[in-house]
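A short write-up of the structure that comes next.
The values are calculated or read from the model by the stated rules, or taken from the named source; none is laboratory data. This is a predicted model, so every value here is computed, not measured. Positions of Cβ are backbone-derived with ideal geometry, glycine not excepted, and every protein chain shown enters the neighbour counts.
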Amino acid sequence: MEQSGAPVFRGSYTAKIDDKGRLKLPNAFRALVADQLGPSLYVTSVTGQFVQVYPMTAWHQIERQMASLAPQLPARVRYLDRVSYFGQEAEFDVQGRVLIHPRLREAAAMTGEVDVLGCVDHLEVWNHDRFVAKLQNEPFSDDDARAISEFRR
């Protein structure tokens, strides 16, 4: 799971949220975080529709980017409002679980079976039914393929 020396999260796995709101990260992802990036995480969301799990090293990079923007920039303020409202620092417990705090757990419908997706520098955790609906409602279009091909050159 590395690209150019930097760890990369890729693929998807099924996981479960337990009754206390803890997610046991799939072994492949947990090993990558614990072995290469450390146990500290930032668990957040911008929309509340799904959960984003960042290794603290990746989250620090986002914080540096936000710090470089003008403090009064409305988009910066709205982004920070949301990631702070939904976000909390977290660490793995001894069994490799991470707590998703109640506010975010409720907004993102984090119960039972969930999908954990690798998104290069972080993980996304989706309610399974919500993610399947997203895939159906937002198909990958020819315009999307063209836009990506522009960046891959």
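Pick from the range 79-102 the residues that are over 16 Å from the mean Cα position of the chain (by Cα) and modelled with pLDDT of 95 or more: which of them is farthest from residue 16 (Cα to Cα)? Ranking the candidates gives 81 first. Of all the criteria given as (1) free of Cβ contacts under 8 Å to residues at least 40 places away in the same chain; (2) of a type in the set (D, E, K, R); (3) in contact with a helix residue (DSSP H, G or I) (Cβ under 8 Å, 6 or more places away or on another chain), the one not satisfied by residue 144 is (3). With respect to the conditions (1) surrounded by 19 or more Cβ atoms within 10 Å (Cβ to Cβ); (2) more than 14 Å from the chain's Cα centre (by Cα); (3) more than 15 Å from residue 125 (Cβ to Cβ), residue 17 falls short on a single one, namely (3). Yes or no: residue 135 touching a residue at least 40 places away in the same chain (Cβ under 8 Å) and either part of a helix (DSSP H, G or I) or closer than 18 Å to residue 12 by Cβ (or both)? Considered against the rule, which asks whether it is touching a residue at least 40 places away in the same chain (Cβ under 8 Å) and either part of a helix (DSSP H, G or I) or closer than 18 Å to residue 12 by Cβ (or both), residue 135 comes out as no.
Residue 125 meets the conditions (1) within 14 Å of residue 26 (Cβ to Cβ); (2) modelled with pLDDT under 90 in every case but one. The failed one is (2). Within the range 83-100, can you find the residues that are in a loop (DSSP other than H, G, I, E, B) and touching a Gly at 6+ places or on another chain (Cβ under 7 Å)? Matches in the range 83-100: 100 only. Considering the range 103-132, the residues that are part of a helix (DSSP H, G or I) and touching a residue at least 40 places away in the same chain (Cβ under 8 Å) include one that is surrounded by the most Cβ atoms within 10 Å (Cβ to Cβ), namely 104. Within the range 46-68, identify whether any single residue is touching a strand residue (DSSP E or B) at 6+ places or on another chain (Cβ under 8 Å), surrounded by 13 or more Cβ atoms within 10 Å (Cβ to Cβ), modelled with pLDDT of 95 or more and of a type in the set (Gly, Ala, Ser), and answer yes or no. No, the conditions are met nowhere in the range 46-68.
A single entry from 33, 43 fulfils the requirement of being outside any loop (DSSP other than H, G, I, E, B), at pLDDT 95 or above and closer than 22 Å to residue 15 by Cα: 43.
Residue 42 passes every criterion in (1) without any contact (Cβ under 8 Å) to a residue 12 or more places away in the chain; (2) touching a strand residue (DSSP E or B) at 6+ places or on another chain (Cβ under 7 Å); (3) hydroxyl-bearing (Ser, Thr, Tyr) apart from (1).
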